[in-house]
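Here the structure comes first, spelled out in structure tokens, and everything after it is commentary.
The values are calculated or read from the model by the stated rules, or taken from the named source; none is laboratory data. What you see is a predicted model, and the numbers here were worked out from it, not measured in a lab. Positions of Cβ are generated from backbone atoms using ideal geometry, with glycine treated the same way; all protein chains shown enter the neighbour counts. Ligands, DNA and RNA are stripped out before the accessible areas are found, and what is left, the full protein with its side chains, is counted by its heavy atoms. Shrake-Rupley method; radii C 1.70, N 1.55, O 1.52, S 1.80 Å.
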Amino acid sequence: MLIRYKKTLEKIAMGLMSFMPNEKDLKKLQQTMKEYEAEENRQLFLWKEEDIIGLLGILFHADQNAIEIQHISVNPSHRHQGVGKRMVKSLKEMYPDKEIISNEDTAAFIEKCDLC
Ligand SMILES: CC(C)(COP(=O)(O)OP(=O)(O)OC[C@H]1O[C@@H](n2cnc3c(N)ncnc32)[C@H](O)[C@@H]1OP(=O)(O)O)[C@@H](O)C(=O)NCCC(=O)NCCS
């Protein structure tokens, strides 16, 4: 299930975030985490099964009634088992009246989730 990020989960969240190709640089990664903590229009979720194995970061576009998926990653040991798609499906269920969109860093995967 999707759980909201909190500071006590920072280390695991940073580890998952670092799998995003654009978050390999530590300074950039720390800046991204700060933005999620500080900005009200951003929200970080973690995906918990027995352990926390996935991350989903979103940006709310109030003007477009849309949610942009900015970050999505799954622990490499748990990939190709549908976790990524389940995270997108859960997000849609959480915000049924919003359009889910991607950015250039997440489009390749999110486009495959059209049927999620
Ligand atoms: C992208 C990612 C979140 C998918 O997680 P997952 O739990 O393995 O996804 P699912 O099991 O639901 O779906 C797997 C399918 O997604 C597709 N897929 C995986 N990574 C992809 C990528 N980077 N771009 C496009 N499609 C991708 C494949 O078709 C794959 O099918 P397969 O299992 O038959 O190979 C995971 O690979 C990841 O963390 N990658 C590193 C972070 C990243 O690059 N995020 C941005 C992706 S655009």
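Here are a few things to note about the model shown:
- Restricting the stretch 41-56 to residues that are in a strand (DSSP E or B) and open to solvent by 10 Å² or more (accessible area, probe 1.4 Å) leaves a set whose member that is farthest from residue 74 (Cα to Cα) is 42.
- The residues of the stretch 76-112 that are near the ligand (Cβ under 8 Å from one of its atoms), over 14 Å from the mean Cα position of the chain (by Cα) and among the basic types (Lys, Arg), listed by number, are 79, 112.
- Residue check for residue 59: more than 7 Å from the ligand (Cβ to nearest atom), open to solvent by less than 50 Å² (accessible area, probe 1.4 Å) and not in a strand (DSSP E or B): no
- Subset tally (residues that are in contact (Cβ under 8 Å) with a residue 60 or more places away in the chain and exposed (fewer than 11 other Cβ atoms within 10 Å of the Cβ)) for the stretch 2-40: 1
- Scanning the stretch 67-84 for residues that are touching a Leu at 6+ places or on another chain (Cβ under 7 Å) and among the charged types (D, E, K, R) turns up just one, 68.
- Top-ranked residue of the stretch 82-116 - restricted to ones that are small (Gly, Ala, Ser) and without any contact (Cβ under 8 Å) to a residue 12 or more places away in the chain, ranked as surrounded by the fewest Cβ atoms within 10 Å (Cβ to Cβ): 108
- Filter result for residue 32 (β-branched (Val, Ile, Thr), within 16 Å of residue 6 (Cα to Cα) and out of contact with any Leu (no Cβ under 8 Å at 6 or more places or on another chain)): yes
- Unmet requirement for residue 73, which otherwise passes all of (1) open to solvent by less than 20 Å² (accessible area, probe 1.4 Å); (2) more than 10 Å from the ligand (Cβ to nearest atom); (3) among the hydroxyl-bearing types (Ser, Thr, Tyr); (4) under 19 Å from residue 1 (Cα atoms): (2)
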